[in-house]
Amino acid sequence: MTNSSATELQVTTGSSAQTERLGEVLGNWLLPGDVVLLHGDLGAGKTTLSKGIAHALGVQGTVSSPSFALVNEYALPLFRLFHLDLYRLNDPADLESIGFAELTSAEDGIAIVEWPERAGPMLPDRYLLVEIGYAGESRRSVRISGIPEAGWLKRLRALHQALISSQPA
Ligand code: ADP
Ligand code: MG
């Protein structure tokens, strides 16, 4: 891990398997009510990370991008998981028809959102921001921060510890 601070964690992955594993660490740490926004270009690894999150949360079987439906919902024993991909959002009114505001404010749900910038002013006030950038053909740099910062400080510390423990010495 590089450049991590109390408010921001920075991880570099060297393969899609490592990004999926990072997603698993994240998934094990998430709580019902959390919203995770995944920023990054096409092919950055947002869906790869989402797969790791979903599997850690107990989703069995295939996790694929919900491009055309905009949202995939998984019912888990204790809560629901919503995986959104807004890449194909053409009309902001479609956010209303999928119930975007409810999906990102459900106390018994965790929402993962690819292409969240398309939701503009509909985004919630509180979320975990994950920014994935290219750092080479099979390398990606992943920056994780909580918004608003103050609301995530305590929890980010636990995530930091989990990330350190998950990395080979
Ligand atoms: P997105 O959802 O951001 O468009 P995907 O997760 O669907 O991206 O695709 C990422 C692509 O990049 C996959 O083809 C994957 O194999 C490749 N890849 C190469 N290196 C990495 C890495 N370190 N992390 C994630 N994906 C990687
Ligand atoms: Mg994707």
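The values are calculated or read from the model by the stated rules, or taken from the named source; none is laboratory data. This is a predicted model, so every value here is computed, not measured. So basically every Cβ, Gly included, is an ideal-geometry build from the backbone, and we count neighbours across all protein chains shown. Side chains included, ligands, DNA and RNA excluded: accessible areas come from the protein's heavy atoms. Shrake-Rupley method; radii C 1.70, N 1.55, O 1.52, S 1.80 Å.
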Which of the residues belonging to the range 75-110 are within 19 Å of residue 44 (Cα to Cα) and either under 16 Å from the mean Cα position of the chain (by Cα) or of a type in the set (Phe, Trp, Tyr) (or both)? 83, 84, 85, 86, 87
Among the candidates 5, 64, which residue alone is without any contact (Cβ under 8 Å) to a residue 60 or more places away in the chain, surrounded by fewer than 17 Cβ atoms within 10 Å (Cβ to Cβ), on the phi < 0 side of the Ramachandran plot and within 15 Å of the chain's Cα centre (by Cα)? 64
How many of the residues making up the range 1-31 are modelled with pLDDT of 95 or more, touching a strand residue (DSSP E or B) at 6+ places or on another chain (Cβ under 6 Å) and assigned to a loop (DSSP other than H, G, I, E, B)? 1
Name the residues in the range 41-56 that are surrounded by fewer than 20 Cβ atoms within 10 Å (Cβ to Cβ) and either of a type in the set (S, T, N, Q) or in contact with a helix residue (DSSP H, G or I) (Cβ under 9 Å, 6 or more places away or on another chain) (or both), would you? 55, 56
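Among 164, 112, 147, 98, which is the only one that is closer than 22 Å to residue 59 by Cβ, open to solvent by 30 Å² or more (accessible area, probe 1.4 Å) and among the hydrophobic types (A, V, I, L, M, F, W, C)?
Working: 164 fails: closer than 22 Å to residue 59 by Cβ; 112 fails: open to solvent by 30 Å² or more (accessible area, probe 1.4 Å); 147 fails: closer than 22 Å to residue 59 by Cβ.
That would be 98, the only listed residue that is closer than 22 Å to residue 59 by Cβ, open to solvent by 30 Å² or more (accessible area, probe 1.4 Å) and among the hydrophobic types (A, V, I, L, M, F, W, C).
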